Every structure is written in C-alpha cells, then in structure tokens.
1. State which residue pairs qualify: first residue touching a residue at least 24 places away in the same chain (Cβ under 8 Å) and inside region 78-89, second residue surrounded by 15 or more Cβ atoms within 10 Å (Cβ to Cβ) and in a helix (DSSP H, G or I) in any location, beta carbons under 7 Å apart, and separation of 6 or more residues or different chains.
2. Could you tell me whether any residue of region 115-129 is buried (at least 17 other Cβ atoms within 10 Å of the Cβ) and part of a helix (DSSP H, G or I)?
3. Can you list the helices (runs of 4 or more DSSP H) lying wholly within region 42-110 that have 2 or more residues being under 30 Å from Pro128 (Cβ atoms) and at pLDDT 95 or above?
4. If the requirement is being of a type outside the set (A, V, I, L, M), in contact (Cβ under 8 Å) with a residue 60 or more places away in the chain and assigned by TED's automatic domain parsing to the domain that holds Lys17, which of these qualifies: Glu49, Glu72?
5. Quick check on region 42-71: of everything there that is of a type in the set (Asp, Glu) and surrounded by 14 or more Cβ atoms within 10 Å (Cβ to Cβ), which residue is nearest to Lys146 (Cα to Cα)?
6. If you take the residues in region 29-41 that are without any contact (Cβ under 8 Å) to a residue 12 or more places away in the chain and not charged (D, E, K, R), which one is surrounded by the fewest Cβ atoms within 10 Å (Cβ to Cβ)?
Amino acid sequence: MQDATDIRNCNMIYKYKKIIDEFTTYTLVEPDYKEGDPRITELCTIGNETYVHVPDNLVLPEQPFNLEVTMEAVTLTDELRDEIKELSPHVNLINTRVVEKIRAKYSSNDEFKILRIKTKGDNIKSQPYMDHVDVCIAWGSAEKGKIGL
C-alpha cells in the first residue's frame with residue numbers, strides 16, 4: 001500500500017472496499033469541485049472492490065481510516081482492463097456514443113452495403129465510411145483514456 005500522499009495526487013486507477021454498516025455506506029470522499037474541475041470517476045465494482053479513476057493533480061481529501069487502509073493503486077493488466085471495460089457503465093456509454101456517431105452519418109443498412117462493397121475489393125467507395133468510423137473510434141478511445149482505460 002502506498003502512503004496517503006502518494007494516493008492523493010496521481011492520475012491512476014485505484015481500488016478500495018466500500019464499508020457498509022447498519023446505517024451507512026462509506027465511500028470515497030471526493031473534493032469540493034469547482035466548475036470545470038476534473039472529477040473522480042467510479043468505474044465499476046468487481047467482487048467487493050470498487051475501482052475509481054483519479055485524474056492528474058486532483059488532491060483527495062482525507063479519507064476515513066477504514067477506507068484509507070483498503071485503498072491501493074492498481075496495476076492495470078490487460079485482463080483487468082478488459083474486465084473493468086466490460087463492467088463499467090461509463091465505458092458502455094462511450095461505446096454507445098461511438099455507434100451513435102457512426103449512425104448519424106451511416107445507417108445499419110448503409111454499413112452492410114459498404115462492407116459488402118469493401119469485401120469485393122472496392123476500397124474507393126468504402127474509404128469515406130472507413131475514415132468516418134476511424135474518427136468515431138478514435139474519439140471513443142480518447143474518452144476512455146480520460147478515465148485511465
């Protein structure tokens with residue numbers, strides 16, 4: 001476990017265990033945000049561990065002791081990244097918006113037609129579609145990068 005000053009000022013994904021007693025659920029204490037401040041994003045819960053993304057230069061306020069002792073920086077393996085992406089409502093929303101951006105210009109039927117054309121080797125007719133999809137996917141990847149994924 002890192003000491004409290006390391007945990008308070010990093011752009012990382014952390015995990016901790018929410019503490020639930022008879023009356024209260026203790027969760028990560030977030031700072032008092034101002035308009036436009038970067039925010040902590042709760043990514044998902046796997047088992048009894050909650051994963052959060054803490055942006056650069058965000059200083060966490062003092063945490064309750066029972067949370068502080070369970071909080072640790074995560075080494076993001078490919079397997080863990082995939083599991084978080086699968087369970088995270090934020091990633092699900094980003095993926096949905098990528099599809100919406102594609103559909104704003106191309107319907108499902110257009111996409112099937114273009115992919116058939118591309119399969120037949122006509123890359124010239126399919127290139128504008130492929131370029132648009134690449135832009136949409138790049139946007140989604142950048143958004144996921146903002147939350148450490």
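1. Lys85/Val91
2. Yes: region 115-129 contains one or more residues that are buried (at least 17 other Cβ atoms within 10 Å of the Cβ) and part of a helix (DSSP H, G or I).
3. Result: 89-105.
4. Glu72
5. The initial filter retains those residues of region 42-71 that are of a type in the set (Asp, Glu), namely 42, 49, 56, 62, 68.
Now restrict to residues that are surrounded by 14 or more Cβ atoms within 10 Å (Cβ to Cβ): 42, 49, 68.
Numbers: Glu42: 13, Glu49: 21, Glu68: 24 Å.
Result: Glu42.
6. The residue in question is Gly36.
The values are calculated or read from the model by the stated rules, or taken from the named source; none is laboratory data. Treat the numbers as computed from the prediction; the structure is a model and nothing was measured. So basically every Cβ, Gly included, is an ideal-geometry build from the backbone, and we count neighbours across all protein chains shown.
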